[in-house]
Each structure stands twice: as C-alpha cells, then as structure tokens.
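Trainee: Sharing a structure with you now.
The values are calculated or read from the model by the stated rules, or taken from the named source; none is laboratory data. As the structure is a prediction and not an experimental result, all values here were calculated from the model. For neighbour counting, all protein chains shown are included, and Cβ atoms are generated from backbone atoms with ideal geometry for every residue, glycine included.
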Amino acid sequence: MSWLVMLVQVPSQPSRHRVAVWRELRRFGAVPVGQGAWTAPDVPVCRAGAEKARELAVAGDGQMVLLTTNAGDAGAVELRRLFDVARADDWVEFMADCGKFKAEISREIEKRKFTLAELEEEEQSLERLRRWFRANRAKCVFGSSLADEAETELSQCASVLEEFSELVYGEVHQ
C-alpha cells in the first residue's frame with residue numbers, strides 16, 4: 001500500500017483558512033505525523049480529499065506539497081500503525097457517545113419526561129450518531145473490528161430510542 005504524505009503551510013491569519021484545511025484533512029481520515037505533515041492511504045477517497053485540502057490551502061495563500069511513498073518503504077509500516085490508531089480512537093470516541101446517548105434516554109425515562117419535544121431532540125441526537133458512524137466508516141479503509149462493535153452500539157441506540165418513542169406516544173395519546 002502506498003501512502004500520501006501531505007506537507008501543509010497556510011498563514012496563521014486569518015485562521016479560518018488553516019481551520020478549513022485541517023477540517024478537510026480530518027474529514028477524509030488523514031493523520032497528523034508532525035508539524036504541518038499529514039498522511040493517509042493512497043486510495044481514491046483520500047487522494048480526492050488531499051486535492052480538496054490543497055485547493056483550500058491555496059485559497060488561503062498557502063500551499064500543500066503532496067508526496068507518495070512506495071509500498072515497500074520501511075516507514076509505510078509506521079504510517080499504517082498511526083492510521084490504525086487514529087481510526088481506533090475515532091471508534092472508541094463514537095462508542096462512548098453511544099453510551100452517553102443510551103444513558104440520556106434512561107434518565108429521561110426515569111424522570112418520565114415523555115414529551116414530543118424531548119423525542120425530537122433524541123431523534124436528532126441519533127441522526128448525528130448515524131452521520132458520525134458513516135463518516136468514521138468512510139475513513140476506515142482497512143476495516144476494523146471496532147467498526148463492527150460500533151455498528152452494534154448504534155443499533156442499540158436505535159432500539160433504545162424506539163422504546164422511548166413508544167413510551168412518548170403512549171403518554172401523548174392517552
């Protein structure tokens with residue numbers, strides 16, 4: 001597997017340009033490896049993201065040098081390790097938020113807060129989790145057992161919300 005190495009320089013002011021580049025790099029799963037240096041697998045989705053990040057850097061009066069490693073480089077093993085660690089961190093954070101979601105629903109049930117407004121709020125929270133899951137899955141180009149665990153967690157969140165919605169509708173339509 002070849003790797004993209006992106007060397008990014010964008011003026012610090014205005015900061016919105018640096019932030020836009022940083023967000024784009026994170027969106028497609030690039031991993032920081034040093035000051036202004038990022039890496040990602042050389043796959044179409046990452047290459048497209050790198051090109052967009054380069055456009056954003058140039059728009060902010062900066063630049064981005066895009067290099068490609070050879071698959072046999074000794075450093076490629078370390079780049080893969082860094083990438084896998086970053087994806088694992090993404091999944092762990094996601095699953096922690098799933099736990100918070102389920103705990104929130106439990107608290108609302110304990111308080112018997114069965115309102116349509118609360119249900120709508122929780123539906124929005126579940127949709128946010130679904131978007132986050134899709135974004136993480138898109139970055140997980142090598143697959144991961146944590147992705148499977150996260151999918152199970154997301155399914156549990158949907159089940160818990162379904163149970164809550166039945167309680168809300170039962171209360172509202174008494």
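Trainee: I'm trying to understand the selection: among the residues of the range 20-58, which are part of a loop (DSSP other than H, G, I, E, B) and within 14 Å of Cys140 (Cα to Cα)?
Mentor: Phe28, Gly29, Ala30, Asp42, Val43
Trainee: Here are some residues: Asp90, Asp42. Which one is among the charged types (D, E, K, R) and surrounded by 20 or more Cβ atoms within 10 Å (Cβ to Cβ)?
Mentor: Asp90
Trainee: Which one of the conditions (1) surrounded by fewer than 16 Cβ atoms within 10 Å (Cβ to Cβ); (2) in the same structural domain as Ser155 (by TED's automatic domain parsing); (3) within 18 Å of Gly29 (Cα to Cα) does Arg81 fail to meet, given that it meets all the rest?
Mentor: (2)
Trainee: Let me ask something else about it. Identify, please: which residue in the range 20-39 is crowded, with 21+ Cβ neighbours inside 10 Å and either charged (D, E, K, R) or without any contact (Cβ under 8 Å) to a residue 40 or more places away in the chain (or both) and is, among those, farthest from Val8 (Cα to Cα)?
Mentor: Ala30
Trainee: Right, here's the next one. Hey, among Lys113, Lys139, which residue is surrounded by 13 or more Cβ atoms within 10 Å (Cβ to Cβ), of a type in the set (Lys, Arg) and farther than 26 Å from Ala30 by Cα?
Mentor: Answer to the check: Lys113.
Trainee: Would you tally the residues in the range 59-84 being assigned to a helix (DSSP H, G or I) and modelled with pLDDT of 95 or more?
Mentor: The number of residues fulfilling the criteria is 1.
Trainee: In this structure, does Pro11 turn out to be outside any helix (DSSP H, G or I) and free of Cβ contacts under 8 Å to residues at least 24 places away in the same chain?
Mentor: no
Trainee: Taking Asp89 as meeting all but one of (1) closer than 30 Å to Ser2 by Cα; (2) at pLDDT below 95, write down the number of the exception.
Mentor: (2) is the only condition that Asp89 fails.
Trainee: Looking only at the range 45-62, filter to residues that are of a type in the set (D, E, K, R) and under 19 Å from Pro11 (Cα atoms); which one of those is surrounded by the fewest Cβ atoms within 10 Å (Cβ to Cβ)?
Mentor: The residue in question is Asp61.
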